[in-house]
1. What does the structure give for A:333-346 when I average, per residue, the other chain Cβ atoms found within 10 Å of the residue Cβ?
2. For the protein assembly as shown, would you read off the P(r) tail past 36 Å as a percentage of all alpha carbon pairs?
3. Which residue, A:S274, A:S222, A:S33, has the most motion in a Gaussian network model of chain A that connects Cα atoms within less than 10 Å?
4. Where in the stretch A:320-406 are there trypsin sites (Lys or Arg not before Pro) that are in a DSSP coil and have at most 12 other Cβ atoms within 10 angstrom of their Cβ?
5. Quick one: if you stick a label point 7 Å off each Cα along the C-beta vector at A:E231 and A:T125, how many nm between them?
6. From other protein chains only, count the Cβ atoms within 10 Å of every residue's Cβ in A:352-361, then give the mean.
7. Going 7 Å from the Cα of A:Q172 in the Cα-to-Cβ direction, what parts of the stretch A:181-222 have a backbone nitrogen less than 15 Å from that spot?
8. Extension gain A:A310-A:L386, at 0.36 nm per residue separation less the Cα-Cα distance, in nm?
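Just so you know, all these numbers are worked out from the coordinates, no wet-lab data involved. Computed from a predicted structure; not experimentally measured. Quick reminder, even Gly has a Cβ in these numbers, built from the backbone with ideal geometry, and neighbours come from all protein chains shown.
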Amino acid sequence: MTPTDTAARPDPLTFTRGADKLDPPDHFGRWRSESPLRRITLWNGDPAWVALSYEAVRTVFKDKDRFRSLPTTPGFPTINQADSASKGALLLPMLDPPVHTALREAVLREFILKRIEALRTRTETFVAELLDTMAGADQPVDLITSYAAAVPARFTCLLLGVPQTDAGFFTQCLDVRFTPSSSSDAVYGADDKLRQYFRELVAERSGGAPRDDLSSRLVTDSVLTGKLSAEDAAALLHVLLIGGFDTTKQMIALSTMTLLDRPEQLDELRSEPSLWRIAVQELLRYVSVVQIERRACVEDAEVCGHVIRAGEGVLVLLGSANRDPSVFPDADRFDIHRRDVPHVAFGFGIHQCLGQPVARLLMAVALPALFTRYPKLRLAVPVEQLRFREDRSIFGVQELPVVVTP
Amino acid sequence: MTGGLGLDREVCIGSGNCVRVAERVFDQDDDGRVMLVPGIAVDRDDDDVDLAVAGCPVGALWWE
């Protein structure tokens, strides 16, 4: 390699965070202040772009015709070896229209805001049960396994109309799937078990009398009418579980950390519960648990003054966009009184998170309930001892040991 | 009636953003797609509607 080549090679993309793990990597902010998009070098030496500013991120997300989600599209970027190995799994977020449109429409009505809101009381009931169980457990308890993971798992049971006792099976499989140290065999094994579970569920719902739940309606409206194959329906249910689990789990855990670190704002929320609505918005923006989305450009496009060529990959950095000071004044400050501005924590464009009403409901129920039930809740170890997953699409903390009782 | 608010139900993906920020004005039909609350008069100066327009992920809402 000549010195000129070295000079021309763009910075490698790294995800290492600074002292405050809830802030995106420092260099993202530095890069964003220089340019809305930037050329970088991926882990395997491939070149790609990063979209850093709010405008660049929204522009790429909205241009579904030029920026494709299918991982087999030429130039589609990967962020690590594991990511590269999973190219074969076709999940809803990784499909383009018209396949994406048909699958999304098959379950769209299930995620109508009012319909999800109607499950609030039943959510409050199982959340209270989980909190009761924590009191009896040996201290410290891991907030992730005992609460943050259990909440989305139990809600999924409610939504699908399966017994609440299946939540344990879901968390067991998903833990393996989302633990960075899991071998790829273990990940495939966990996915196989889940897929088999959903195949059986679809088969069972295809036989008996229709029931009032998501899985039954999906079978009645889409499988029995021939719009979807039984296998596609099982895959879709599998994806709904995966999409909503680790994201919500980490949002509950990292939101708890964020609020424990800001006792004065937490006190305000305790004395004025109506503030939770906007606080949830701010937590979603501030934490931005999905760090990265990927796109491949299929036709030359101009974005914020840069020309992206067909065949080039783009890593869309959602957390960076959500800290763009041109849109969010004093963007690195967490502020529950911040004016509601449409953040991009759920993405933007046709792939925007289908389950966002669920995420909001679970945060709006689980967080106040936790801090009300356990006013003395505190971390059991210094923050520096916590282990974080920095180089994954979904940012997260591995364990969150807490003491719930004085 | 619509106060200059444009709306395309074919483009709508049913994210529910508009209903969340301006429930008085927007609703979702049985398929999840956006509709105006029957009889509602949209006010161009309504900040909540402005927020719904800015937050629509697919541009299904706009000011004409």
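1. Working: counts 0, 0, 0, 0, 0, 0, 2, 7, 3, 9, 1, 2, 0, 3.
Going residue by residue through A:333-346 and averaging, the value is 2.
2. Values: 30695 of 110215 pairs.
Looking at the protein assembly as shown, the distances longer than 36 Å represent 28 percent of pairs.
3. Fluctuation is largest for A:S274.
4. Details: sites: A:R323, A:R333, A:R338, A:R339, A:R360, A:R373, A:K376, A:R378, A:R387, A:R389, A:R392; in loops: A:R323, A:R333, A:R338, A:R339, A:K376, A:R387, A:R392.
Within the stretch A:320-406, the qualifying trypsin sites (Lys or Arg not before Pro) (loop, at most 12 other Cβ atoms within 10 Å) are A:R333, A:R339, A:K376, A:R387.
5. According to this spin-label approximation, the distance is 3.9 nm.
6. Values: counts 7, 2, 5, 0, 5, 5, 0, 0, 2, 0.
Mean inter-chain Cβ contacts per residue within 10 Å come to 3.
7. Residues A:189-198 fall inside that zone.
8. Values: separation 76, 0.36 × 76 = 27.36 nm, distance 4.14 nm.
Extra length available between A:A310 and A:L386 comes to 23.2 nm.
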